[in-house]
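All of the numbers you see were taken from the coordinates with simple rules; none came from a lab. Note that this is a predicted model, so its numbers are computed, not measured. Here the Cβ is made from the backbone with ideal geometry for all residues, glycine too, and neighbour counts use every protein chain on show.
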Amino acid sequence: SSEKLFEVSQPAVAILVLLDANNEILKQGTGFFISNNGLLITTAHLINHPNAIRLLVKSNSNFYGATAVEQYDHDADIATVTINGMGNSFPTLQLSNSGPATNMEVSIVGLTDATSLESTIRDGEIADVGNVSPNQFSLSFATVATQSGSPILEKTGRVVGIYNHRLGLENSNPTGIDANQMAKVLGSAAESVRIQDVSATFGEFVAPNP
């Protein structure tokens, strides 16, 4: 059931808050842990802002500070971030061995209300695979910007993709990046930089028109 899937997956989902030097919120979104030592994956555009100084990560009821961006792929729009986990072990999600498929039932677990800083679950289907790009697929249900970086889960609880709101605006359809593309980024050479250096190092994203 949807409730059971949320219960199992939600502990591995984190809320991300990007702050400037005055602790004003620049962006909010979602990520999820792929290693129990505090490595999480999200969309690259979410942590990219010229005024960014700090990234706060809310895991369950606790807040942690991001220590570094380990991998950053501007073209794929995927990044991995390490946090200071205070020695804690974090629940993780596993990537699916099978790719997304048209009409597959999926769920997104992520931030839907920026004021609550709590993740929720939304259920639907994959509308089409590869209709925009070989590594992307479209969804048949409504999404919001703060879900960017959320895991898109098949019914087994494995990750078939990551939701990308920026691409959704460009494609005029809610869009996910498939797990195979995520695995390629995870397998690439790490290039660790500070949060405040992301935009300077990799170049800023140009926001599409809503």
Helix-only CD estimate at 222 nm, as mean residue ellipticity for the chain, using -39500 (n - 2.57) per DSSP H run (n ≥ 4): -3500 deg cm²/dmol
Span from the the stretch 21-57 Cα centroid across to the the stretch 117-141 one, whole angstrom: 21
Exposure proxy ranking, count of Cβ atoms within 10 Å, fewest first, for Asp123, Asp178: Asp123, Asp178
Estimated distance in nm for a label pair at Phe63 and Glu105, the labels positioned 7 Å out from Cα along Cα-to-Cβ: 3.8
Estimated FRET transfer efficiency (Ser199, Ala114; beta-carbon r; R0 22 Å; 0.05): 0.50
FRET efficiency, His74 to Asn22 (Cβ-Cβ, R0 30 Å, nearest 0.05): 0.65
